[in-house]
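FYI, it's all coordinate maths here, none of it is from the lab. Please read all numbers here as calculations on a predicted model, not as lab measurements. Backbone-built Cβ (ideal geometry, glycine too); neighbour counts: all protein chains shown.
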Amino acid sequence: MWLTLEKVLIIWNIIVFFIYGIDKWKAKRSKYRTSEFSLLLCAFLLGAVGALFGMVIFNHKTSKPAFRYPVPIFVFLNPIILDLLQKYVFPYIVKFINSL
């Protein structure tokens with residue numbers, strides 16, 4: 001299979017990085033913004049590394065406690081979440097797909 005879990009996570013984190021960058025660009029231009037909930041959800045859903053890099057490189061949301069504390073915590077939680085998914089969720093998905 002050409003698309004491995006590692007590649008998917010790398011692509012997802014790059015997407016999250018650009019979501020933070022685009023939101024910063026929109027903030028400077030008073031455009032419609034991505035909600036804070038959506039930004040944090042992207043970070044929580046295995047995109048914390050991309051979110052953290054986006055925060056630091058674009059200097060986006062770094063002064064807000066709602067982002068300054070949870071996103072680094074998510075960086076440490078993401079491997080735990082991924083491990084739980086691999087143990088308890090992915091086997092059922094693979095079993096379901098193979099049964100089709």
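Tabulated data
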| quantity | calculated |
| --- | --- |
| Ranked by how many other beta carbons lie within 10 Å on average, peptides 80-89, 9-18 from highest | 9-18, 80-89 |
| Estimated 222 nm signal from helices in the chain, with DSSP H stretches of n ≥ 4 weighted -39500 (n - 2.57), rounded to 500 | -23000 deg cm²/dmol |
| Stretch gain in nm, segment Ser99-Leu41, where the contour uses 0.36 nm per residue and the Cα spacing is subtracted | 17.7 nm |
| Relative contact order (%) - criterion: Cα under 8 Å, at least six apart; region: the chain | 26 |
| Coarse-grained scattering of the chain at q = 0.12 Å⁻¹, given as base-10 log I(q)/I(0) from a Debye sum over alpha-carbon atoms | -0.45 |
| Count of lysine pairs in the chain with Cα separation under 30 Å (8 or more residues apart, or interchain) | 14 |
